[in-house]
Amino acid sequence: MGYLHLSITELHELLKKGEVTPLDLVKEAIDKMKADNNNAFEYIMEKEALEQASLLTKCEEDNPLWGIPFGIKDNYSTKDVPTCGSSDILKGYVPIFSSEVYQRLINKHAIPVAKTTLDELAMGGSGTTGHLGKTYNPWDKSHKHQVGGSSCGSAAMVSAGIVPFSIGSDTGDSVRKPASYNALVGFKPSWGRISRFGLFPFATSLDHVAYFTRNVEDSAILLNVLAGRDDKDSSSSFKEVEDYTLNLNKDVKGKKLAVIKEIVDSIDNKDIINAFNSSVEKLRASGVIIDYVHMDLSLLKAIYPAYIVISCAEATSNNANLDGIKFGQREDGDTYQEVIMKTRTNGFSELIRRRFIIGSYSLLKENQNELFLRAQKARRLIVNATNDILKEYDGIYCPASPSVAPLFVGSSDKLSNEYLIADNYLAIGNFAGLPSITIPLGFSEKLPFGVNLTCKAFEESNTFNLASKIEEVIGIKNIIAKEGE
Ligand code: GLN
């Protein structure tokens, strides 16, 4: 079995005692990655990781990340390590600089072992649209169910027990939704809390650095390292960084959570509803005040269309640099226009081309009022309604997804309220830039599902404390996908 099913804190104890070395851990991760059949990797950093691990000989006792292997989504620039965003258009691209997140982890002597697969350029939620094809859910050995996306490889890697944490990105729900499908903790902080320098921009006003762990404490440990101002990202916050592990005391008496009734009511899966209700009862018994509140149905139904218009518009503009002229793949042509047209036509999959068409259409001068600006107004109303709830409550508490991981074919009814509301509401956290965490909640037909807590901006410390109580009352943590299930 090895060691990598253990949490960051458990591994740190073993490293401190010298019972295991970083080199042992990296070798185990490499063996597991080579044996893995979930298609989770764009690039296995075998040589680089072994080299780095062999340099680590003296454990830094107060540094919990020392010698810990991790994976990072392939939309983060990693100096001298191929990075393509799971897109053909960047095949062969090797960045000349590193993203801030990656660099901070390396500075702490955590060891990157893989660049992980994603839905192409982080657009998507199924883990099927990257240029290497489908990534599979480790909970389903028959490979019929999605792992979720867009941070599919990062989720699969942690859930398969290959590393204790991995970095993803979350523009609509791309870490918090796959966390739900994989019994993982998936966290994104407030917008601006973690530098996005070197993260390929998808939709800048919505993009967040986010990550997977197998318990809440590990998630807080990571924020301690990742949070903080970075002058290379002008959108990063100057707000003081706290020690996010200090408040994990589970003292939650009198804290107030709001359940949005319309979200819960749109969910059909009985196992999810039962597990959710039982968690509400247990939290109440622990002294948390939980009320069911209302949010205007038309606002909830507007989340998805507003998200699509805004994110596609921003993506169209952000990805205009992928033209074959400056870097990445280039097709031949007689004029530069022809080079760009051919490169972009062949380099992007159909899904990406469709999103750029939606984006360009909503940004056209004659459509802007009706589409882009209207979506922005809807976003503002949704954010206001959310913040109104958060004036009275510490957090919003709802199931993270209306189902377990969907099948690859024929599973989503895109016209249902379940899909429109409960499958897409997590984007509220991106619209409003709020800290938001998914925690394992239960199982339905042997597949996991999670619950989500979204709190006030920059209240990460409160978020983790409430989350650790939620984790305690539910009682599911530190698990990996089980053989044969
Ligand atoms: N599933 C959403 C989309 O399709 C979210 C993607 C993300 O968060 N990167 O865009």
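Which of the listed residues, S166, S180, P399, is farthest toward the dipole's positive end in the chain, when Lys, Arg count +1 and Asp, Glu count -1 at the beta-carbon?
P399
Calculate for the chain the 222 nm mean residue ellipticity that helices alone would give, adding -39,500 (n - 2.57) per DSSP H run of length 4 or more and normalising by residue count, nearest 500 deg cm²/dmol.
Dividing the helical sum by the residues of the chain leaves -11000 deg cm²/dmol.
Net charge near A375, counting Lys/Arg +1 and Asp/Glu -1 over other residues with Cβ under 15 Å of its Cβ?
With Lys, Arg at +1 and Asp, Glu at -1, the net is +4.
About its Cα centre, how strong a charge dipole does the stretch 345-435 have in debye, to the nearest 20, once Lys and Arg get +1 and Asp and Glu get -1 at the Cβ?
Result for the stretch 345-435 is approximately 440 debye, rounded to the nearest 20.
For the stretch 228-245 and the stretch 390-446, what is the separation of their C-alpha centers, rounded to whole Å?
28
Applying the Karplus parametrisation 6.51 cos²θ - 1.76 cosθ + 1.60 with θ = phi - 60° to the phi angles of the stretch 363-379, what ³J(HN,Hα) value in whole Hz is obtained for each residue in order, glycine and proline being reported as x?
In residue order, the calculated couplings are 8, 3, 3, 6, 9, 3, 4, 6, 10, 4, 5, 5, 5, 5, 5, 4, 4 Hz.
Under the 0.36 nm per residue contour assumption, what length would be gained going from the current alpha-carbon distance of L132 and Q368 to full extension?
Computed gain between L132 and Q368 is 81.4 nm.
Mind jotting down the distance between the C-alpha centroids of the stretch 101-174 and the stretch 448-475, whole Å?
22
Which order do the peptides 389-396, 147-154, 172-179, 240-247 come out in when sorted by mean C-beta neighbours inside 10 angstrom, highest first?
Going by the mean number of other Cβ atoms within 10 Å, highest first, we get 147-154, 172-179, 389-396, 240-247.
Could you size up the charge dipole of the stretch 183-323 around its Cα centre, putting +1 on the beta carbon of Lys and Arg and -1 on that of Asp and Glu, and report it in debye to the nearest 20?
400
In terms of modelled amide H atoms, which long-range or inter-chain residues lie less than 5 Å from the amide H of Q329?
So Q329 has HN proximity to L90, K91.
What dipole magnitude, in Debye to the nearest 20, does the stretch 99-226 give about its Cα centre under +1 on Lys/Arg Cβ and -1 on Asp/Glu Cβ?
140
Under a plain spin-label model, where a point goes 7 Å from the Cα along Cα-to-Cβ, how far apart in nm are K391 and M341?
If labels sit at K391 and M341, their model points lie 5.4 nm apart.
For the stretch 187-204, in order, what is each residue's ³J(HN,Hα) by Karplus, 6.51 cos²θ - 1.76 cosθ + 1.60 with θ = phi - 60°, in whole Hz (x at glycine and Pro)?
So the J values, rounded to whole Hz, are 10, 10, x, 5, 4, x, 6, 10, 4, 9, 4, x, 8, 4, x, 10, 10, 4.
Test of the criteria: in the stretch 294-387, which chymotrypsin sites (Phe, Trp or Tyr not before Pro) are in a DSSP loop and have at most 10 other Cβ atoms within 10 angstrom of their Cβ?
In loop regions of the stretch 294-387 (DSSP not H, G, I, E or B), there are no sparsely surrounded chymotrypsin sites (Phe, Trp or Tyr not before Pro).
From the C-alpha coordinates alone, can you work out the Kirkwood hydrodynamic radius of the chain, in Å?
Here the Kirkwood hydrodynamic radius works out to 22.3 Å.
Relative contact order of the stretch 372-485: what whole-number percent is it, with Cα pairs under 8 angstrom and at least 6 residues apart?
Once normalised by length, the contact order is 28 percent.
Can you give the FRET efficiency for I289 and V241, using 1/(1 + (r/R0)^6), R0 = 35 Å, r = Cβ-Cβ distance, to the nearest 0.05?
E(calc), rounded to 0.05, equals 0.75.
Compute the relative contact order of the chain as a whole-number percentage, counting only Cα pairs closer than 8 Å that sit 6 or more residues apart in sequence.
18
What is the ratio of the Cα radius of gyration of the stretch 1-118 to 2.2 N^0.38 Å, where N is its residue count, to two decimals?
1.06
Along the positive direction of the dipole of the chain (beta-carbon charges: Lys, Arg +1; Asp, Glu -1; about the Cα centre), which of A49, N417, G324 reaches farthest?
N417
Going through the cross-link list K232/K377; K261/K446; K108/K232; K73/K250, which pairs have a Cα-Cα distance over 21 Å in this structure?
Going by Cα-Cα distance, K232/K377; K261/K446; K73/K250 fall outside the 21 Å limit.
Taking every Cα atom in the stretch 64-200, find the radius of gyration and the maximum pairwise distance Dmax, and write them in Å.
For the stretch 64-200, the Cα-based Rg and Dmax read 13.9, 40 Å.
Straight-line reach from K16: which aspartates and glutamates have Cα under 19 Å away, leaving out those fewer than 8 places along the same chain?
Here the aspartates and glutamates satisfying the reach criterion relative to K16 are D24, E28, E60, E61, D62, E217, D218.
No lab work stands behind these numbers, since they all come straight from the coordinates. Fair warning: this is a prediction, and the values are worked out from it, not measured in the lab. So basically every Cβ, Gly included, is an ideal-geometry build from the backbone, and we count neighbours across all protein chains shown.
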